[in-house]
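Comments concern the structure below.
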Amino acid sequence: MLNSLYIKNFRNLEELTIESLGRVNLITGKNNTGKSSVLEAVALWVADGSLPLLSTIIKSRGEFFNSIDNQLSVEEAGVKTLSSIFTNRRVEFSDENAIKIGENPSSFLVYKFKKYGYRDVVDEKDKVHRQIYYYDDDDDDGDELSEQNVLSYNIGIEVSKKGHFSYSQPLSKQMLQAHEVRLHDSPHFHFIPSRNVDESINSTLFDNIILTEKEQHVIDALKIIEPKTQRIAFVQENGNRKAVIKLSDNPEVLPLQSMGDGINRILTIILALVNCEKGYLLIDEFENGLHHTVQEQLWRVIFYLVEKLDIQVFATTHSWDCIEAYENVLNDEEIKTDGKLIRLEHKNDKIRAVAYRKSQLKSATDFGIEVR
């Protein structure tokens, strides 16, 4: 579990420190304060900097630049694409301008632009081998590339975590067109976007927990909106699998989609939650599709399950109703799970985090103090 979080040079987060985190963290703030960027940063940290995941996140933001469509070279398209995740879109090679995500320097995930060149190396049998050679502008080891031994040079990306080198990779067509991953494919975290996910994702997650105790947790959560819920299933229809529901007072099986956005949003959240045991759940715009009257009950289910399944939650919201519902559960004496409300705000042209303990949050909601 992350007890604190430091993010540097990632998107609009030039340098953000969240000094203390809880097991259930609700992040709020005005538009463009970096709420979604925090979720993305946590996902990348958990995934050890996975380039396929990074590609997925970049494409979801509409920042992927195809060399053909944009009339760019492969290198230019790659640099433009990857620079979109760096603050101010800078392409610089020093440690100071690297992206850093983690609790402390010993755990940081680091993305850094690297220069590399190709040179020919002759072995003892006089055979010529082409090697990739990486270097930095600020290298002091006296082994820089020279015009004599460089055939060409380009830009690559280096990824490391916990102080250990992971890989350096030149920007290439293969890397830039790497297969995307679905944000639910990792066993260590699930990322729920602001919109509802594709039903094929939910059907896979349901298959993972069918006929287990976790299936009952899903049914109990759906009863928040429809108390008559007995069972759900995913059935094949026109080549796709669709969620259906069986109610206690109706002999017919009904399409879950017909019952509104709220029950489908709850299904998405709880399926993701029970599928990331000992991991992380990331929810963008928690309240989407949920009437304010059901949010407190859903938070109660989440607080119970994260403790039972050893999960840490990061969620974002714009909604005062969501904050009030969260606060009511957090301050319930029967709830032992800790949580933090974290407000992101602009100050002196930078974004900073203000954390509210549960007693402070109660005072804010009691007196109508703005914390969004």
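Here is how the numbers come out for the structure above:
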quantity: Label-point separation, Q71 to K347 (7 Å along Cα→Cβ), nm; calculated: 4.7 nm
quantity: Using a Förster distance of 30 Å, the FRET efficiency for K278-R195 (Cβ separation, nearest 0.05); calculated: 0.65
quantity: Positive minus negative residues near I266 (Lys, Arg vs Asp, Glu; Cβ under 11 Å); calculated: -1
quantity: Local electrostatic count, I18, Cβ distance below 13 Å [Lys/Arg +1, Asp/Glu -1]; calculated: +1
quantity: K228-E96 pseudo-label distance in nm [points 7 Å out on the Cα-to-Cβ vector]; calculated: 6.7 nm
quantity: Estimated FRET transfer efficiency (S4, I219; beta-carbon r; R0 41 Å; 0.05); calculated: 0.70
quantity: Filtered GluC sites (Glu not before Pro), segment 1-69: DSSP coil and at most 13 other beta carbons within 10 Å; calculated: E19
quantity: Spin-label pair N238/S359, simplified geometry with 7 Å Cα→Cβ offset, distance in nm; calculated: 5.7 nm
quantity: FRET efficiency estimate (nearest 0.05) - Cβ-Cβ, E307 to T17, R0 25 angstrom; calculated: 0.40
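No value in this document is a laboratory result; all are computed from the given coordinates. The structure displayed is predicted, hence computed values, not measured ones. Note that we place each Cβ from the backbone using ideal geometry, even for glycine, and neighbour counts take in every protein chain shown.
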